[in-house]
Structures are given as structure tokens and as C-alpha cells.
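In what follows, a single structure is set out as C-alpha cells and then discussed.
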Amino acid sequence: MSGTARLDPLEAPLDGITLIEANAGTGKTWTITALYLRLLLEAERPVESILVVTFTEIATAELRDRIRTRLAEARAAFESGSAENDASRLPGVRRNDDPLLEGLLARISDHAHAALQLTSALRDFDQAPIYTIHAFCQRVLGDRAFESRMPFEAEILPDETVLLQEIADDFWRRTLYNASPLFVRYVLDQGATPETLRAALNGRIGKPYLVVRRPSLHEDVAALEAAYAHAYARARAIWIEARAAIERQLAGNRNLNGNSYRAASVSNWLEQMAQCLDSITPGITLFPQFAKFTPRALADGTRQGGTTPSHPFYAACDELKTAHAALEQAYQKHLSLLSAELLEYGNCELAARKRRLRLQSYDDLLLNLERAVHGEDGERLASAIRERYQAALIDEFQDTDPVQYRIFQSVYR
């Protein structure tokens, strides 16, 4: 309940579905224990039929302890006919009635019967189904293997890291072993490794509600690679033939702006150009100031009234820079495409390998139960769950996991 509608645990309906919005520290556990008491006393549900679900083992243990304590407090209240808490019974301590217990004492006339109900609940409390969401799913899938169409025995895999690394290694081999050396170099320059691919799968794999959008790749990457290699070869050939002339033309040229083309900087750039064009095969990167050798940069860096340096090499540098930019843009798209393909491959492979090895992860428990309740025998399975757990109190739905909500919505709608 949200907005101005505040939840009153004593008046909340005990049938149907009620979704409560609550921030941390607003009394969720207190509310759950209150509703649990009402389900026992007013709806007369035995403890083994009231399902309580939370997310972690620690929260489960804490919730179990809080509910047991609440049952004992309620029994004491119905036996004594007083809603005073323990502290207020001490000498000199001001009376402090528990508002929930006070309300229950007022609306339930047969206090002796209520005390017997609570005594029975405490005696049978070890049978109370208070689980983590994963333990609940595992129990249902195991108990109802026929309706859920799941294997009767499957080992739980707490950590999928090893499997995910195997999948990432296989994808790396399939994708890059036959790729062009230039693209492989680009991928490595981006910091990609089989380990980073595995890290990219973490948190994204096994989540069918995540939509994988494949970017469109219209460019002919092979043609762009060929154009880049051609431009590189042309620039390199001119540089090898005319390097001395180009150096004489640029070093200490007073027609060039001293701020844009400092003598020391130009000398450094010429050395970097020599390294850039040293190899027969092109590299994937150009040095940062490569554009200083293009006709436009030289024209912009010429003093007013001065003569702009002119040489076929500068036009070749412009062609190489343009070809490099087009290829780099295509490689960026190609890498994004591979990221999408990695998720698709990972989802398919992880499911297949776990089936083959008869393994289930914690996420699989939720996904398999969701598939089961929406499958061919889903209504029969949902009916069996409702018969076994006649009421359900869910501590919280994880914001990033709509699967959990869909399971309980399908069962109890």
C-alpha cells in the first residue's frame, strides 16, 4: 500500500493478494509477525500451512526467531488477559501495552482457546515453512518433480564461475581465432581477455527478462580493413622515399604558428611518425598528434600571410586518418555485436552444460519454478502449492528479480 493509505496489520485482509511498499526500518518484520499471529488465531491456519519467504539465510534465521518470540508473547498475553510487555511488569516501570496484542485480546473473545492455539503453534513451530526464496523453490521442485517436469535429483551449484570461464574461453576461441589480426589487436587494445568476457557474463546471464539488443552492422568490415591497409601502404611508401624532405619542411618552419607547431614538439612527432610507419603491416592505432600532418591542420597552423607546407605525404596522412576512423567506428560496433552474441551464446551454453551435468544454480531454482507454474501442468502445480501453503508472507521482492514476484502472483492470484 502506498501514498496516504497506511497499512493497519489488524485490519489488513487475510485473503487475496496485498502488496505493501515499505522502506528499510519501517517495521516490515513487525508487520509480518503481526499478520502471522492473525493467520493463526483468526484464520485458524496451522503453522505448517503458513509460508514465510525472505531472501538470505541470515534474514530467515532472524525472522524465524522473531516469529517464535511473538508467538510466546501472544500466548502469555492470552493466558494473563493483559497486553503488557515484559518490561512494564517490573516495579517502577510505566505500564506499556502492546497495541497489537491489545487489539487481538479485544477482538478474540475466547482467550483460553487462543492460548491453546498458540501453545500448539509453538510446539509445532519446527515444522513452520520459513525459507529463503531459493530453499522454497528447491523444495517445491523436489517435492513436485512430476508436475514441474524437473529431474528428481539435481546437484546445486553455488558458484557458476568455473562453468562461465569455460564458456568465455570457448567463445574467445570461436570468435577470435579466425578473426583478422587487425581486429584481434583492436580487441586486445580494448583490454578484452577471456577473463573480462567471463566478468561480463556475471549478473547478466540466466535472466530471461533482460532483452539483448544486437546492434546492426551495415559496414563491410573487410572492405574497410582493405582501404585502411591501402592508405597505410601509400603513406608509408611516401614517407620512406621523402622522409628527409618532410622533416626539413616541418622542422623549424617559421611559416607555422609557434604555439601549434613548436620545434621540440615537431621533432617528437616526426619520431612518432617514423615508429608508426615502420612496420610493413599497419597497426590499429595512430599516435595522438597524427592529425598534425594533415593538410587542414597544417593550414590552420600556418601564420597569417605565411605559406602552408605542401607535399603528397600530407594528403596521404589525411586519407589514412579517414580510413582509420571509419575502421575504428566499425570495430566498435563489431565489439558491441560480439558482446550481445556473448550473452546469447552464454545463456544457451550454460543451460545446456548444466542440464548435461545435472546441475542447478540458485537462479535456476527460480527460473525453473517460474517455467513450471506457467507450463503445461502449471495449474496443477500451483494448486498443489496452494494446498500445501494456504497463506504466504513474502518478506521482500528483490527489485532486480521480477521472476520471484511472477512465481507467487501465478500461484496465489
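Observations, loosely collected:
- Single unsatisfied condition, V403 versus (1) open to solvent by 10 Å² or more (accessible area, probe 1.4 Å); (2) touching an Asp or Glu at 6+ places or on another chain (Cβ under 6 Å); (3) under 25 Å from R198 (Cβ atoms): (1)
- Inside the stretch 48-60, residues that are under 17 Å from D395 (Cβ atoms) and open to solvent by less than 60 Å² (accessible area, probe 1.4 Å) make up a count of 7.
- Selection count, the stretch 5-45, where residues are open to solvent by 90 Å² or more (accessible area, probe 1.4 Å), assigned to a loop (DSSP other than H, G, I, E, B) and either within 13 Å of L393 (Cα to Cα) or of a type in the set (F, W, Y) (or both): 3
- The residue pairs whose first member lies in the stretch 96-125 and is over 14 Å from A76 (Cβ atoms), whose second member is of a type in the set (D, E, K, R) and in a helix (DSSP H, G or I), and whose beta carbons are closer than 8 Å, counting only pairs six or more residues apart or on different chains, are D124/E48; F125/R68.
- The single condition among (1) in a loop (DSSP other than H, G, I, E, B); (2) at pLDDT below 90 that S88 does not satisfy is (1).
- Meets criteria (on the phi < 0 side of the Ramachandran plot, among the small types (G, A, S), open to solvent by less than 40 Å² (accessible area, probe 1.4 Å) and in a loop (DSSP other than H, G, I, E, B)) for G346: no
- Within the set R139, R149, the sole residue that is of a type outside the set (G, A, S), out of contact with any helix residue (DSSP H, G or I) (no Cβ under 9 Å at 6 or more places or on another chain) and at pLDDT below 95 turns out to be R139.
- Remark: pairs (first residue in the stretch 182-206, on the phi < 0 side of the Ramachandran plot; second residue among the polar types (S, T, N, Q) and in a helix (DSSP H, G or I); Cβ separation under 6 Å; 6+ apart in sequence or on different chains) = R198/Q165; I205/N347.
- A227 being surrounded by 17 or more Cβ atoms within 10 Å (Cβ to Cβ) and at pLDDT 95 or above: yes
- Some residue of the stretch 126-147 being closer than 21 Å to P402 by Cα and among the hydroxyl-bearing types (S, T, Y): yes
The values are calculated or read from the model by the stated rules, or taken from the named source; none is laboratory data. Values in this document were obtained by computation on a predicted structure and should not be read as measured data. Quick reminder, even Gly has a Cβ in these numbers, built from the backbone with ideal geometry, and neighbours come from all protein chains shown. Remember, those area values only see protein heavy atoms, side chains included, never the ligands or the DNA or RNA. Shrake-Rupley method; radii C 1.70, N 1.55, O 1.52, S 1.80 Å.
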